[in-house]
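Step one of this worksheet: look at the structure below.
The values are calculated or read from the model by the stated rules, or taken from the named source; none is laboratory data. Because the structure is predicted, anything quoted here is derived from the model rather than measured. A quick note on method: Cβ atoms are made from the backbone with ideal geometry, for glycine too, and the neighbour counts reach across all protein chains shown. Just so you know, the surface numbers come from the protein's heavy atoms only, side chains and all, with ligands and any DNA or RNA stripped out. Shrake-Rupley method; radii C 1.70, N 1.55, O 1.52, S 1.80 Å.
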Amino acid sequence: MSGHILVVDDEVGIRELLSEILTDEGYDVHLAENAEAARAFRIQRRPDLVLLDIWMPDTDGVTLLKEWAGGGQLTMPVVMMSGHGTIDTAVEATKLGAADFLEKPVALAKLIDTVSKAINRGVVLPRRAPSMDLSALGKSQLILELKKRLTQIAGNTAPVMLVGEPGCGFEVCAQFLHQPSTPWIEIKDRPRLVSDPLSLVETLGNGTLFLPDVYELGRLEQKGLGLLLDRIEHSGARLVCTSSRSLVSMAAAGEFDSRLFYRLSSLSIQVPPLREHHEDVPDIANFMLAQLVEEGMTPVRRLTTPALNQLRNFDWPGNLPQLNNVVRTLAVTALASEIDAADVNRVLAPMKLSTPPAAHGISLDIPLREARDAFERMYFEHLIQKEGGSMTRVADKSGLERTHLYRKLKQLNIRHGRRLDEEL
């Protein structure tokens, strides 16, 4: 016999017994005392089989199985174990992707037979690992709050507007709102909103319609989107849009239909840029690296702690796509299985040299007056969007008199939309 087996069980006696039996059978056995240790091992390599206990103190085995399935890491057979097993638990685990189920105490012959069959049967590796989900976006307080807000609106079918910087994770959030086993349609053919908008909902049912970068729509496309909204209203379907520009400012300047803006923004969620939850970068980078290994894009690689710290301390102006490109470059070009801080510095150095120092996208290599105007323009556009176009609240938040505020907005060429303010 041969193969690498990971045994996950919180009882040291069970771990040692299984290890002894399986080692005698010729297997290479690795041990994990809880779900956290199992996660860490799985990030570094794919075993040929996992024996996974259901009842563990930190995270139960079924939940861990769900995580692996959702994150594209369930690419090996998993046999569930439980001393309190029930048929219902076995059925649930099997539906989630478990290869088999063993009840404790496990009979020796049953254990060897089950392990042998599971390894020989194996799992067909996907040609392309699934994209990251919200759980892979991190565990910082900022991301946990984002997840809570998305969870609160998950059952509401009103249109959702996701706002933030490009690459911050819009599609991950939209996929989180998407109901499983329902259609997912991304609007990529924008002219279709003009020529035949209603055809987009023919097979939508109660699924999700995803429209990235809604601010790029022209006037006729905006009109078509309005017709589409009329059709899916109260149908159980949901429209999720994204924008990296202030639609409030665009509506005030007449660049975006104000009525459509209010309809699209009935539920608005801010998605934070990567630099605002940089403590999540190590976990995200490890996830991205594991995905590359699963896809067969690179041999098994490991990011060392100093390397992860280097990644964490970078600003990531390009957010997730930039991090993914860096991890991919590191995985493909590293000369050893361990990617260290020197490797990270080698890849990041050209980015630091080619990109002038910036503060929230404002170059620090321009004259002071231009930098000040750029900051003030960004500051007031942010306040206008945050306060829904209310000049009263913008004046209050900025500490300016209304007259002074209007003069400042005119100077910065920001259309403040006094009419919008009066509607509020």
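Some notes on this structure:
- Residues that are under 19 Å from residue 236 (Cβ atoms) and of a type in the set (A, V, I, L, M) within region 146-184 comprise 150, 153, 154, 158, 160, 174, 177, listed in sequence order.
- Residue within region 263-273 that is among the small types (Gly, Ala, Ser), within 23 Å of residue 320 (Cβ to Cβ) and open to solvent by 60 Å² or more (accessible area, probe 1.4 Å) present: yes
- Given (1) surrounded by 13 or more Cβ atoms within 10 Å (Cβ to Cβ); (2) closer than 30 Å to residue 273 by Cβ, number of the condition residue 188 does not satisfy: (1)
- Count of region 304-325 residues which are part of a helix (DSSP H, G or I) and either of a type in the set (Ser, Thr, Tyr) or in contact (Cβ under 8 Å) with a residue 40 or more places away in the chain (or both): 6
- Some residue of region 85-96 being modelled with pLDDT of 80 or more and either more than 13 Å from residue 8 (Cβ to Cβ) or open to solvent by less than 50 Å² (accessible area, probe 1.4 Å) (or both): no
- The set of residues in region 282-303 that are in a strand (DSSP E or B) and crowded, with 20+ Cβ neighbours inside 10 Å contains only 303.
- All positions within region 20-76 that are crowded, with 17+ Cβ neighbours inside 10 Å, among the small types (Gly, Ala, Ser) and under 24 Å from residue 113 (Cβ atoms): 32, 38, 61
- Within region 135-164, being open to solvent by less than 80 Å² (accessible area, probe 1.4 Å), in a loop (DSSP other than H, G, I, E, B) and touching a residue at least 60 places away in the same chain (Cβ under 8 Å) holds for 138, 140, 156, 157, 158, 159, 164.
- Selection status of residue 167, under 17 Å from residue 277 (Cα atoms) and either open to solvent by 20 Å² or more (accessible area, probe 1.4 Å) or assigned to a strand (DSSP E or B) (or both): yes
- Hey, residue 279 open to solvent by 70 Å² or more (accessible area, probe 1.4 Å) and either in contact with a Ser or Thr (Cβ under 7 Å, 6 or more places away or on another chain) or among the aromatic types (Phe, Trp, Tyr) (or both) or not: yes
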